[in-house]
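Here the structure comes first, spelled out in structure tokens, and everything after it is commentary.
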Amino acid sequence: DFVLSPCWVFFPFDVLGASRAELSGLRVAMSQPLKQCPRTATVAWCSAEAAPTMMALGSSASSAAGIVGGDASTEATLDLVSFDLARPGQDMEVVASIRTEGGRRFSSISWGSLGTDGPFPYGLLAGGLQGGAVSLWNPYQIVNSRGADSGLVHTVQVHQGNVNCVEFHPLKPSLVASCGSDGEVNILNVESPTQPDLYKPSTGAKTHEGSEVLSCAWNRKVPHILGSCSNKGTTVVWDLKQKREVISFQDPANRLRCSDVAWNPEKPTQLVVAYDDDRQPSMQMWDLRNVKYPFKETAGHSKGILGISWNVMDPNLILSCGKDNRVICWFNGSMGLESFCEVPTTQANFEVKWSPHKPSLLSAASFNGMVSLHSVQTQQGSSKYCPSWYKRPCGVSFGFGGTMLSYGVKKAAESVVPSGQAAAPTSSWCHSLVVPNEPEVVATADLFEQWRAESRLQEFCHEKTRRAGGAGSHESLMWDLMGLQFEDQGRMRVPALLGFDHDRILQEAERFLGKKPGTTLNGPPPEDQQMETQSSAAKNLGPELREQEADDFFKSLAESTEQQKAAEAAAAMAAAVAAETASLQPASDEKSTDWGAGPELLIKQSLLVGNLTAAVECCFKSGRMAEALLLASGGGTELWTRARDEYLRLQGDAFLSTVGNIMTNDFDKLVSSSNLDSWMETLAIIATYAGDHYPRLCEHLGERLEKEKFDIRSAVICYICAKNFPKTVTIWANTHVASMGSKKLALQDLVEKMAVLQEATKFNQADALFNAKLTQYAEILANSGRLTAAMRYLCLLREDASSAILRDRIYNSAPMQMSQMFGRQPQFPFEQTDVRILYQAPPQAAPQQQQQPGYPGMAAPGAPQRPAHAMHP
């Protein structure tokens, strides 16, 4: 008695100790044919679904020719055999056997489906015989009579020499193509089997003249196209509708003896040609769109290739057999023909064919008198290709992201297929269904994802403005301002959005003045003055300046420019004050003032002695504001500044104080002292004049609105203009309400705003609120099947722990697609721990003590006990 661990495995033999020869013998035993029949015969599989395991074996003419030593003394027969893979043994059952007329042997045999729903339940058999005859048999009669009835329907003489190949049309079973040693290709119409009609594929083509046509094959997609090849290396494509040769081509290496030809079951312009050339065996794949060279070629055989067969159920698999005793199954990959597996044989096979009903089964006819049945499923190859028959017919699977995938195979209904036409090819369907947790967000999310993918977020802002009702609402103003953030000079359009349109104001001024603004002031028109200034400047440029003189020139130029600007501002101020003073004083018929007495005389005398400061002060004292500013404008920057400040102090006007702040560039004071009820005017002023200080001043104005007036709706406008992403998002998150009764839709609207503003401001810093909202929304999208959109949102965030698990799940749901779109894989969100089972040696047993009397066969007291069921190596 002993205990076995459940992880132990017992082998019936010592595989590890087996020799190489023993292992080789084991592989041979495992790859023996499934079934076999002792015949040297050409093979045809039953095309009728009523008998999918039945085959027709016609005594091959190759054995009579003694190519490899076949027995020519045996009688020529047509055997119908059947097999049952569930029964033990390798022998096939010979259901019926008949002799051919005149003892003619078969060079080819084909089984068609004509009449399977009528007089021929098993279809028709066509045999290409020696002497140029083609015979038709009814296999159903042969099987039912057990060979007593020959089942011969008709025999017709088609060729002058031997018939090399016959093939029923796979799409039009009433047509049979044949080719022979006389260089002819013929078409038999067997719609009336007892009286078949003979046609030629062309009326005058002689391409095969003087050669032996070895094989012919029907196109699997275009029913009126036929291909044939000859022993002179020419492959010809025939068009039966036009009754002429379409094209012919030869191997660029001048190989001869094209032994077989087969069409691609799916691509009508592609065919494969095999060459029986012992020096340069080859299997070439041609595309009729360019027949200068084959686009694929392989030389897997060491001697001539005798037969090929293209699998109809899996067009990626092609069989070939050759004189080198090899049967190879090829995988038609994108890079070329690759070996899928090899069927072991001991003799050369002259023919291989796929079963039309059992996708993995194939038949091989050899020269040594054996027809064998194999399956590529039992063969071992190095290819990683999975044949199509392993695919499940239907199924359903649920996956991450609320997705459900269902698939299946659909077939065209037989009732809708007109008589004489082929049924539509079998196709498959695959439905990817999404069961979203929040279906109401999907449509809007898809639309916004399209805007983002096309990089049209500015246009998206315009669309949101239109949906918000156009200009005038807070929502539309907010979207308009976010759209301006995408423009380099968008700040200049802020006043217009706030209601201060430049063109409208100029039009109103022109209506008030009666003339275009800028033309009512004294002096020459601006155009003439500019031309005069330019001409005088051009005449008085003076000599060229040296480097040091140029440096001094620019310094003096800056100072003169500043003084000029101050003088212009003073003149403007003086003009404004003069206009205001004139409007306040009563009208007088006199156009001049008496400067000979009173304060006026004192002002004049101060001016005459050069004391402009005293003159200006006297003007202010006597209430002559305009004269004071006019005189101060000629007394230098210091005097002008003092006079301006005194004027503003005396006036006490808020607007003029604002003008003063603009002239002194004291925008901080302007914003700090501005009336918050007129915050739009303040925002328009700093947008127009503040320059690089604009963002900081907008933020300052927003803080005042938020803290002093508690107007967060107006404050968020200022924060958007300041490109202050965190404060804007904070206000949005605290004020967004459930729209249409759904918190998810409100979250979606919030995320859209944040995504647009983040793109406009290029914000790339960590923000906890932004991360939390985007992660929450990305999870909703992922559960609604929008994994790409969810990952795109997560990429706006810095990698953090809150979204790490979601990133990992989305990425690994489609790693190839995600890697192409988003780059490297996100960091694994969990800590990895290496778990190992460490072997611990059992404790050493204590040395055995001398047994005490009275304890026979037992250990002494205190000694360790040995387990009752223990196994030792």
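The values are calculated or read from the model by the stated rules, or taken from the named source; none is laboratory data. What you see is a predicted model; the values in this text were computed from it and never measured. Here the Cβ positions follow ideal geometry from the backbone for every residue, glycine too, while neighbour counts run over all protein chains shown. Side chains are part of the model used for accessible areas, which takes the heavy atoms of the whole protein and leaves out ligands, DNA and RNA. Shrake-Rupley method; radii C 1.70, N 1.55, O 1.52, S 1.80 Å.
Modelled spin-label separation between Asn368 and Gln90, with each label point placed 7 Å from Cα along the Cα-to-Cβ direction: 1.0 nm. Under a point spin-label approximation (7 Å from Cα along Cα-to-Cβ), what is the Ile805-Gln832 distance to one decimal in nm? Calculated label separation equals 2.0 nm. Potential lengthening of the chain between Ser302 and Leu447 amounts to 46.1 nm, from the contour at 0.36 nm per residue minus the alpha-carbon distance. Ordering 673-681, 389-397 by mean Cβ neighbour count within 10 Å, with the highest value first, yields 673-681, 389-397.
Taking Arg255, Arg220 and ordering them by how much accessible surface each has at a 1.4 Å probe, largest first, produces Arg220, Arg255. For region 631-784, averaging the sequence separation of C-alpha pairs within contact (under 8 Å, six or more residues apart) and dividing by the residue count gives a relative contact order of 12 percent. Over all Cα atoms in region 173-228, the spread is summed up by Rg and Dmax: 11.7, 32 Å. Peptides 793-803, 831-841 ranked from most to least packed give 793-803, 831-841, packing being the mean of other C-beta atoms within 10 angstrom over each peptide's residues. Of the residues Arg713, Arg105, ranked by 1.4 Å probe accessible area with the largest first, the sequence reads Arg713, Arg105. Coupling constants for region 248-261 follow from the phi torsions by the Karplus curve (6.51 cos²θ - 1.76 cosθ + 1.60, θ = phi - 60°), and in residue order they are 9, 8, 9, 5, x, 8, 6, 6, 10, 6, 6, 7, 7, 9 Hz; glycine and proline get x. Multiplying the residue separation of Leu256 and Leu433 by 0.36 nm and subtracting their alpha-carbon distance yields 58.2 nm.
Computing the accessible area with a 1.4 Å probe over protein heavy atoms, can you report the carbon and sulfur percentage for region 181-339?
Solvent-exposed carbon and sulfur of region 181-339 make up 45 percent of the total.
The mean of 1/r over all pairs of different alpha-carbon atoms in region 218-276, once inverted, gives a Kirkwood hydrodynamic radius of 11.7 Å. What chymotrypsin sites (Phe, Trp or Tyr not before Pro) in region 694-744 are in a loop by DSSP, with at most 14 other Cβ atoms within 10 Å of the Cβ? Here the chymotrypsin sites (Phe, Trp or Tyr not before Pro) that fit, given the DSSP loop and packing criteria, are Phe710. Note on surface exposure: His700, His374 rank His700, His374 by accessible area, highest first, 1.4 Å probe. With θ taken as phi - 60° and the Karplus curve 6.51 cos²θ - 1.76 cosθ + 1.60 applied, the whole-hertz 3J(HN,Hα) list for region 719-726 is 5, 5, 5, 7, 6, 8, 5, x Hz, x standing for glycine and proline.
Label separation (Gln489 vs Ser678): 2.9 nm, computed from points 7 Å beyond Cα along the C-beta direction.
Put simply, the amide H of Cys341, placed in the peptide plane, has neighbours under 5 Å in Cys329, leaving out anything fewer than 5 places away on its chain. Most tightly packed first, judged by the mean number of other beta-carbon atoms within 10 Å of their residues, the peptides 149-160, 497-508 read 149-160, 497-508.
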